[in-house]
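The values are calculated or read from the model by the stated rules, or taken from the named source; none is laboratory data. Since this is a predicted model, take the numbers as computed values, not measurements. Cβ coordinates were reconstructed from backbone atoms using ideal geometry, including for glycine residues, and neighbour counts include every protein chain displayed.
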């Protein structure tokens, strides 16, 4: 028996409501042992599975890349922007100074220490007003050394007046035994 990290992805999109049904489900991360261990990501909705990719396990947990690429794709699809432009703005935000907020969260009935960072990739962007609400997008990542796989939550949110224009939240659910 191998172990797998299980995350829950919940999506809301006022611009593309069908995205919620299509993209809400579980994301399962398995490590395949061997000469070069691989991290396999699968998307699961009920009894249906879809492969998301395999990555060298040596680079760490690929959930951050899955999150980042999902947000880029979702934004380009909903707002009609260039995925290359969006991706570059997110990359630029990664090298900007950001505050790290220390905190605590409950995981499996216990309190764990967390660190949270929030990026605003389109802050000050001259094209923000043409992004159909995504100009105020915030990417918030909460991490903990005490959580398997390190990521407790990865949240992208573009606020709206009454409800978010877009919200994608990936949250660690559990460490499960997986049959070979």
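Identify the residue in region 109-125 that is more than 19 Å from the chain's Cα centre (by Cα) and surrounded by 10 or more Cβ atoms within 10 Å (Cβ to Cβ) and, among all such residues, is farthest from residue 153 (Cα to Cα).
Step one: of region 109-125, the residues more than 19 Å from the chain's Cα centre (by Cα) are 109-113, 123-125.
Subset that is surrounded by 10 or more Cβ atoms within 10 Å (Cβ to Cβ): 111-113, 123, 125.
Details: 111: 15, 112: 13, 113: 13, 123: 22, 125: 26 Å.
That would be 125.
Please go through region 111-142 and pick out each residue that is assigned to a strand (DSSP E or B) and either under 23 Å from residue 86 (Cβ atoms) or at pLDDT below 95 (or both). Break it down into steps so the answer makes sense when it comes.
Here is the first cut: in region 111-142, the ones assigned to a strand (DSSP E or B) are 111-119, 138-142.
Selection gives 116, 117, 118, 119, 138, 139, 140, 141, 142.
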Q.
Please go through (1) buried (at least 19 other Cβ atoms within 10 Å of the Cβ); (2) under 19 Å from residue 65 (Cβ atoms); (3) free of Cβ contacts under 8 Å to residues at least 40 places away in the same chain; (4) in contact with a helix residue (DSSP H, G or I) (Cβ under 9 Å, 6 or more places away or on another chain) for residue 142 and return the number of the only condition it doesn't satisfy.
A. (4)
**Q.** When residues of region 28-55 are limited to those that are closer than 18 Å to residue 2 by Cα and touching a helix residue (DSSP H, G or I) at 6+ places or on another chain (Cβ under 7 Å), the one surrounded by the fewest Cβ atoms within 10 Å (Cβ to Cβ)
**A.** 37
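Kindly indicate which of 104, 173, 77 is farther than 23 Å from residue 29 by Cα, part of a strand (DSSP E or B) and touching a strand residue (DSSP E or B) at 6+ places or on another chain (Cβ under 9 Å). Steps first, please.
Values: 173 fails: farther than 23 Å from residue 29 by Cα; 77 fails: part of a strand (DSSP E or B).
One residue alone meets the criteria, 104.
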Q.
I'm told residue 11 meets every condition in (1) within 28 Å of residue 79 (Cβ to Cβ); (2) assigned to a strand (DSSP E or B); (3) touching a residue at least 12 places away in the same chain (Cβ under 8 Å); (4) out of contact with any helix residue (DSSP H, G or I) (no Cβ under 6 Å at 6 or more places or on another chain) except one. Can you identify the failing condition by its number?
A. (4)
**Q.** In region 83-101, residue surrounded by the fewest Cβ atoms within 10 Å (Cβ to Cβ) [restricted to those that are touching a residue at least 12 places away in the same chain (Cβ under 8 Å) and not in a helix (DSSP H, G or I)]
**A.** 99
